[in-house]
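The values are calculated or read from the model by the stated rules, or taken from the named source; none is laboratory data. None of these values were measured; they are calculated from a predicted model. FYI the Cβ positions are ideal-geometry reconstructions off the backbone, even for glycines, and counts take in every protein chain you see. Heads up: the accessible areas ignore ligands, DNA and RNA and are worked out on the full protein's heavy atoms, side chains in. Shrake-Rupley method; radii C 1.70, N 1.55, O 1.52, S 1.80 Å.
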Amino acid sequence: MLFPSQQRDADQQRRNCLRRQISRFSRNLGYKVNAENRSKTPDWFLDKFEAQSFNDPDEPLYQAKPSKFLCGLKLAFDPTSPSHYRWLAVVSFAVLFNLLLIIARAVFWQLDHITSWFPFDYFCDAVYIIDTVIRMHEVYLEQGLMVKDSSMLRRNYISSGAWRYDVLSLLPTDIAYIWWKPGSCSCDRLPCPVIVRLNRLFRLPRLWEWFERTENFASFPNATRIIKVVMSILILIHWNACFYFVISYAIGFGTDNWVYNITGAQNETLAHQYIYSFYWSTLTLTTIGETPQPETEFEYLFVVTDFLAGVLIFATIVGNIGSMISNMNVARVEFQNRMDGVKQYLAFRKVGGELAARVIRWFSYTWAESGALDEEKVLSSLPDKLKAEIAIRVHLDTLRKVRIFQDCEPGLLEALVLKLKLQVFSPGDYICRKGDVGKEMYIVKRGRLQVVADDGKTVLATLSAGSVFGEVSVLEIAGNRTGNRRTANVRSLGYSDLFCLAKRDLWEALADYPDARTTLTERGCQLLRKDGLLDETIFRNAQLKQISLEETVRELKTRLDVLQDNFKMHMIDITEQQDDAKLRLKAIENRLKESKYNLKKIERSNLGNEIAQSGQIQDTSYVAPNYPARERGHSLSNEDSPCLIHVISEQRSKSFRTNRMQIDHSK
């Protein structure tokens, strides 16, 4: 027996030993984690070509601020993050719990007498409160950037209108328990007090949001949609069963054959009550029938309403499920149709035997490996940058083995991977034959190829994943004695997947990357020298010619720049001269207008003096003085030159009236 002091020492030693073990375990765990982090070498290939992460802008609008009331937490939640998706799953569980249990506990009194439901109720309420805080701080996009300012997030939440449903779902309706005690309901008193918690169903949109996110991120979205539809069917049947049971209570249990009969030991159990109600609801909503005949008017109305709702709801649901199942097999059906079309063509053209069998085997291999997926059609809606990153990630293992891609620039790699076309070859197929005109180069993605001699039996080399061939014929190297023709026979040993790069696409990609073009040319020259197919003299002369041509182009470009500068200077001089000439012409026109105005004044004054001297107005006509004619290009309008053409209108004098009277008298 130990003394109290010895017992305390022993307990202290055990606690110290336990602390040492915990600290040792934590140190070992930390060492393993750090070791794993240290052993993980960076992937230079992906770091070079994939998109890099970036920091948030420095503006306060896009920075999350710590909260003063929640221990300095930064209240900004990204709704696209995995953690937010997991939180939505928790909220969906709380919503589903209230959706199923509130109505059931309000109708089936034996279920409400179970007091262990209350911890779950208030756990769901706590989840609702936390979800409200998270929802009012969910970030949103503005000008393509995520706004993380807390005040802006709250204003956006209020303006969206979602706060109304959240507030309604959080109203403390449980306060009614003070006057309406839980467990006070029975077969003679329904519904149960838990019915006051029906406002918790206003949080239902979060459940649909979680399903929508699940459909977007699931690998099998059609299966997710089917599960969602089946769950909706079960919830509808469940609620309709509860309505049937409460209507039976309102009419009276056992009053007729249609309502639920509560008499009997078996009928009084909770399991039998719910199962029978669920069974009746299933038969009614599916319009199968086989239910007791209604007897009262209200029972007929309820059954008719259920039948109509069942027809509409299940017609919609069955149609959706049928389309989902069809969409799940649409790829297989499309592939099978193409395969059947090829088989019909082979039968129509009487192509059979081994060739037809090879075609069928090719289709089977294509479906087994890729599902006959059309990559170009699937990725056509994505921008080129994302398509290039996807292609790099998908074909990463192959591209790593290609030497020409290891040191190339990211832009060239993106341009090349977007132009690669996947081709599948069957066993024994010749990818190229010696002497064929080369229009493509090939990169082996999967499979093994053999370089064979002309007899087709002697194997000269074996190519595996990452090998490149055919680049010699598409590079157009000067001095190549074979021209642009193939220099070897390449045959597929089994099923082989090859990336094909066309000659035109290759030169379009290499046009802006001279270093990569030089690297490919040097490698092609090495292969040609190895086989003795390169004429060094022609190649050297072509290089010198290319160098001289490049120098000539640079010199022409320099001269063109000088000519452009001179042309710009001459254009400036011409513009200045034109402006000066316009100013001079304007001054001459102004002086001419002034002289015309003065001449008019002199003529009018002379005419007035003549009239005053004669004492009567006589018919006169004004003849303009003999001014020298204007040069061509000047205006001769009356407005600008009234002194050139001007006739005074005839005046009505006394002699004019006398002559008019004589004419009238003669008539």
Margin query: So if I take the centroid of the Cα atoms in region 246-295 and the same for region 447-480, what is the distance between those two points in Å?
Written below: 80 Å
Notebook entry, point to check: Going from most exposed to least, what order do GLU536, GLU215, GLU409 have by accessible area with a 1.4 Å probe?
Noted result: GLU409, GLU536, GLU215
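Take each of the peptides 77-89, 345-357, 106-118, average the number of other beta-carbon atoms within 10 Å over its residues, and list them starting from the highest. It would help to have the intermediate numbers written out before the result.
Details: 77-89: 13.9, 345-357: 10.0, 106-118: 17.0.
Going by the mean number of other Cβ atoms within 10 Å, highest first, we get 106-118, 77-89, 345-357.
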Notebook entry, point to check: Leaving out ligands, DNA and RNA, what percent of the accessible area of region 458-554 is carbon and sulfur, probe 1.4 Å?
Noted result: 51 percent
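Over region 165-307, calculate the relative contact order: mean separation of alpha carbon pairs under 8 Å at least 6 apart, over the residue count, as a percent.
Numbers: 110 pairs, mean separation 23.4, N = 143.
Relative CO of region 165-307 lands at 16 percent.
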Checklist line | Geometric extent, Cα atoms of region 152-225 - Rg, Dmax (angstrom) | finding: 18.4, 54
Check: Quick one: length gained pulling TYR300 to LEU312 fully straight, 0.36 nm per residue minus the C-alpha distance?
Finding: 2.5 nm
Notebook entry, point to check: Relative contact order for region 444-510 using alpha-carbon pairs under 8 Å, separation at least 6, rounded to a whole percent?
Noted result: 42 percent
Item checked: Share of Cα-Cα pairs in region 482-587 lying beyond 19 Å, as whole percent -> 71 percent
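Quote the FRET efficiency, to the nearest 0.05, computed for ASP436 versus LEU533 with a Förster distance R0 of 22 Å and r equal to the Cβ-Cβ distance.
E(calc), rounded to 0.05, equals 0.90.
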Note to self: Tell me which of ALA465, CYS432, ALA453 sits at the most positive position along the dipole axis of region 428-468, charges placed on C-beta atoms (Lys, Arg +1; Asp, Glu -1).
What the structure shows: ALA465
Check: Using 1/(1 + (r/R0)^6) with R0 = 51 angstrom and r between the beta carbons of GLN423 and PHE93, what's the FRET efficiency to the nearest 0.05?
Finding: 0.55
Checklist line | region 232-299: C-alpha gyration tensor shape, a/c 1.5 cut-off, then a/b vs b/c | finding: oblate
Item checked: Label-point separation, VAL553 to VAL459 (7 Å along Cα→Cβ), nm -> 4.5 nm
Notebook entry, point to check: What length, rounded to one decimal in nm, is gained on full extension from ILE390 through to ASP256, with 0.36 nm per residue of separation minus their alpha-carbon distance?
Noted result: 41.4 nm
Item checked: Order by protection proxy (mean Cβ within 10 Å, highest first), peptides 243-251, 447-455 -> 243-251, 447-455
Next item on the list: Can you tell me the FRET efficiency between TYR279 and ARG189 if r is taken as the Cβ-Cβ distance and R0 is 25 Å, rounded to the nearest 0.05?
Entry: 0.45
